[in-house]
Amino acid sequence: MKPNMKIFDSMKKVLVVGGGGREHAIVDALSRSPQVGKIYCAPGNAGIAAQAENVPIKDTQIAELKAFAIENGIDLTVVGPEASLAIGIVDEFKAAGLKIFGPSKAAATIESSKDFAKRIMAKYDIPTAAFKTFENYDQALEYVKAGKFPVVLKYDGLAAGKGVVIPETLAQAEEALKDMLLDERFGKGRVVVEEFLTGPEFSFMCFVNGCEVYPMTLSQDHKRAYEGDKGPNTGGMGAYSPVPIITDEDVEFSLEHIMKPTAAGMVAEGCPFTGVLYGGLMKTPEGVKVIEFNCRFGDPETEVVLPRLESDIYDIFSAVADGTPMPQIRWSEKVTMGFVMASKGYPGDYSKGYEIDIPELGDIRIFHMGTAMKDGKLVTNGGRVLMVVGSAEDLQKAHDKALEAVESIKCDNLFFRRDIGWRVL
Ligand code: AMP
Ligand code: GLY
């Protein structure tokens, strides 16, 4: 009789879908769960390989992922990327009787269609920028001409953070509208024309199961590529948690008047949301308003939020996926700040395969966003490559620790912003 056998048998097997920094942070959090015995990640990356077994299946190969989950007796699948959700991975897994954390294809529309998200907000009185949606170029241009500048133009469809243009002049707006509605550069679509709002942005991620909404601690992303919030929009160049400029009252308002009514609205629309509902919110002079919703964990926000989670994440994922009572969610007092190291040229064209040399860095967390192993060496393999996170008693210390680590990482083709956290430091 092997006394440990029974315990081992009851240990959970988890499959994480995706291969970026967000998935690395999810794998890292799962690896702290005493219930989790084995973690697979598909496709994973070179950093994730230290904490999980990488599986060479792409995040959009749903049939292959499903077969893998069945063959390997996976207890729970956790989905990172919006692309997998938007094509219905959750529906497919559930139909096969597999437990999976994430929203259905219908619920994921809150991210994949800006127009759908805006209509939900209008219908359920969720505070957001005034807007109008157009398919016709001439009508869109007339509307823009009659309004104020800058104006916000959002392509209606998944555009990996690149489908938003904020023209300052009519000429710029004309060009952007042509791109979106005439040249079909993004494929045939619609454009949401939105009022330009001002104020600090913050990311409010909540675990949601139908009408039940459980908030996570706040974080703030840095969307622009260069220091001083200049340059093109990216997926995010750094983040920190919590966000001291957002008050408890702001959080309360956001929970009661934005996240909860949105979750209830999705239930009323017949597409209940299950998973992480991400509110991209802005504290405007008229109060907190929605800039966007995402249907999944943010990246790089997850890399600063989940390291602060003290509760067992397996219990949380399970409670959401099964619709069972949510355990208490506890957060560490220690704060986090992280710097993204990205390939030169990102978010435009960039090349891959540059060697990365990471020295011994003590209690710094390095989440790999886009790395691979080539001839036994760690190399760049994406636009965003590493998210380097420091943890400390205050944000200044976390900033200094993370920046020092970033500066000690050697690679010929990476850049980063040194001003992460400028709004609070
Ligand atoms: P989104 O993809 O909708 O998050 O937009 C990308 C970025 O564009 C946001 O993080 C904001 O910085 C900016 N943005 C989007 N909508 C607005 C708006 N209505 N007013 C001002 N800035 C906006
Ligand atoms: N960091 C923004 C996002 O995940 O969409």
How far apart, in nm, are two points set 7 Å out from the Cα along the Cα-to-Cβ line at His257 and at Glu71? 5.3
Cα-Cα longer than 27 Å, checked against Lys118/Lys223; Lys58/Lys230; Lys99/Lys377; Lys38/Lys260; Lys12/Lys66, kept in input order, equals Lys58/Lys230; Lys99/Lys377; Lys38/Lys260
Would you please calculate the Kirkwood hydrodynamic radius of the chain over all C-alpha pairs and express it in Å, rounded to one decimal? 22.1
By how many degrees, 0 to 90 and rounded to 10, does the Cα axis of helix 114-123 deviate from the longest principal axis of the chain? 80
All alpha-carbon distances of segment 283-425, grouped into 10 Å bins from 0, give the whole-percent distribution 11, 32, 33, 21, 4, 0
Give me the number: length gained by fully extending Lys352 to Lys38, i.e. 0.36 nm times residue separation minus the C-alpha to C-alpha distance, one decimal in nm. 110.0 nm
Starting at the first residue of segment 17-25, write each ³J(HN,Hα) from the Karplus equation 6.51 cos²θ - 1.76 cosθ + 1.60 with θ = phi - 60°, in whole Hz, x for Gly and Pro. 9, x, x, x, x, 4, 5, 4, 5
Most packed first (mean Cβ within 10 Å per residue), the peptides 66-75, 41-50, 23-32 order as 23-32, 41-50, 66-75
Given points 7 Å out from each Cα along the Cα-Cβ axis, report the Ser332 to Thr284 separation in nanometres with one decimal. 3.7
What list of ³J(HN,Hα) values in whole Hz, one per residue of segment 410-425 in order, does the Karplus curve 6.51 cos²θ - 1.76 cosθ + 1.60 (θ = phi - 60°) give from phi, with Gly and Pro shown as x? 9, 6, 7, 10, 10, 10, 7, 9, 8, 9, 4, x, 4, 5, 10, 9
Rounded tilt (10° steps) of 313-322 against the dominant C-alpha axis of the chain: 70
Ranked highest first by the average count of other Cβ atoms within 10 Å around their residues, in what order do 303-314, 222-233, 328-339 fall? 303-314, 328-339, 222-233
Measure nothing but the geometry: give the 0 to 90° angle between the long axis through the Cα atoms of 137-146 and the longest principal axis through the Cα atoms of the chain, rounded to 10°. 70
Please report, in cubic angstrom per residue, the volume enclosed by the convex hull of the alpha-carbon atoms of segment 1-116. 105
Scalar couplings 3J(HN,Hα) for segment 365-380 by Karplus 6.51 cos²θ - 1.76 cosθ + 1.60 (θ = phi - 60°), nearest whole Hz, x for Gly and Pro, are 9, 10, 9, 8, 9, x, 9, 8, 9, 9, 6, x, 10, 7, 10, 5
How long are the three semi-axes of the equivalent ellipsoid of segment 218-305, in whole Å, if each is the root of 5 times an eigenvalue of the C-alpha gyration tensor, listed from largest down? 24, 16, 12
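Laboratory data are not the source of any read-out in this text; all were calculated from the coordinates shown. Owing to the predicted nature of the structure, the values given are computational and were not obtained by experimental measurement. Cβ coordinates were reconstructed from backbone atoms using ideal geometry, including for glycine residues, and neighbour counts include every protein chain displayed.
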